[in-house]
Amino acid sequence: MDLFDIIGPVMIGPSSSHTAGAVKLGNLARNILGEEPKKARIILYNSFAKTGRGHGTDKAVIAGILGFGPDDERIKIAFEEAKKRGLVYQLLIKEDESLHPNTVTFELEGASKKTQVTGCSIGGGRVKVTAIDGFEVELSGEYSTIITVHKDRPGIVARVTAYLAEWGINIAEMRVSRKRKGEEALMVIETDEKLPGEIKEILRNIEDIYRVITFPE
């Protein structure tokens, strides 16, 4: 246990799990979409669903996908801010005992992209993304992050990690997920160092990489 575990994050709201964590999950979903969301369907599960309104979770998830931080005063007026930006959203509640108590699924649509992101708030303002577009992942959002969608074939992972080694970037966490052998795969790399601005374009030029997401920008 460290100091962060004891005092928690700087935040707006009564609960680090139900408010700050919900904002961070919304931020991550927005980053994964990679553009301003125009439509959102958000499903709150279990504890998030039962106590979310009292703890401001419903406003927090909207604030997160609008790009607000956990300490942003506008969390309190997130619904009004969403209306100003023209965000069309739907908030649903469900029960699923197989999921972490504080789980949320975001189905986001922007001007040119769509994504589905599921994650959970694990306490103290910390979060974990567990699925992106049907791929199982483990993403904390605590590090600089690269996400690639690519064809499942030999050599792609090696080429990406070779570039990181060339730039002196250390990998903190890495996971590759696929639905079926030889088809589409998704790779998540979290790094200790800040990512160079040109990395997205360089990785996009690797054959059979279809999409590259990096954050923070």
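Just so it is clear, none of the values below were taken in a lab; they were calculated from the coordinates. Keep in mind it's a predicted model, so treat the numbers as computed, not measured. In this analysis, Cβ positions are derived from the backbone assuming ideal geometry, glycine residues included, and neighbour counts consider all displayed protein chains.
Taking the range 100-124 only, how many residues are within 21 Å of Gly56 (Cβ to Cβ) and touching a Phe, Trp or Tyr at 6+ places or on another chain (Cβ under 9 Å)?
Residues that pass the stated criteria total 12.
State whether one or more residues within the range 158-167 are assigned to a loop (DSSP other than H, G, I, E, B) and not aromatic (Phe, Trp, Tyr).
Initially, the range 158-167 is screened for residues assigned to a loop (DSSP other than H, G, I, E, B), giving 167.
Imposing the further condition that a residue be not aromatic (Phe, Trp, Tyr) reduces the set to none.
No, the range 158-167 contains no residue that is assigned to a loop (DSSP other than H, G, I, E, B) and not aromatic (Phe, Trp, Tyr).
Can you find, within the range 155-179, the residue that is surrounded by the most Cβ atoms within 10 Å (Cβ to Cβ) among those that are under 19 Å from Arg211 (Cα atoms), touching a residue at least 12 places away in the same chain (Cβ under 8 Å) and not β-branched (Val, Ile, Thr)?
Leu164
For the range 33-74, which residues satisfy the criterion of being touching a residue at least 40 places away in the same chain (Cβ under 8 Å), touching a Phe, Trp or Tyr at 6+ places or on another chain (Cβ under 8 Å) and within 22 Å of Glu217 (Cα to Cα)?
Val61, Ile65
Give the range 117-145 a look and list any residue that's in a loop (DSSP other than H, G, I, E, B) and polar (S, T, N, Q), or say none.
Ser140
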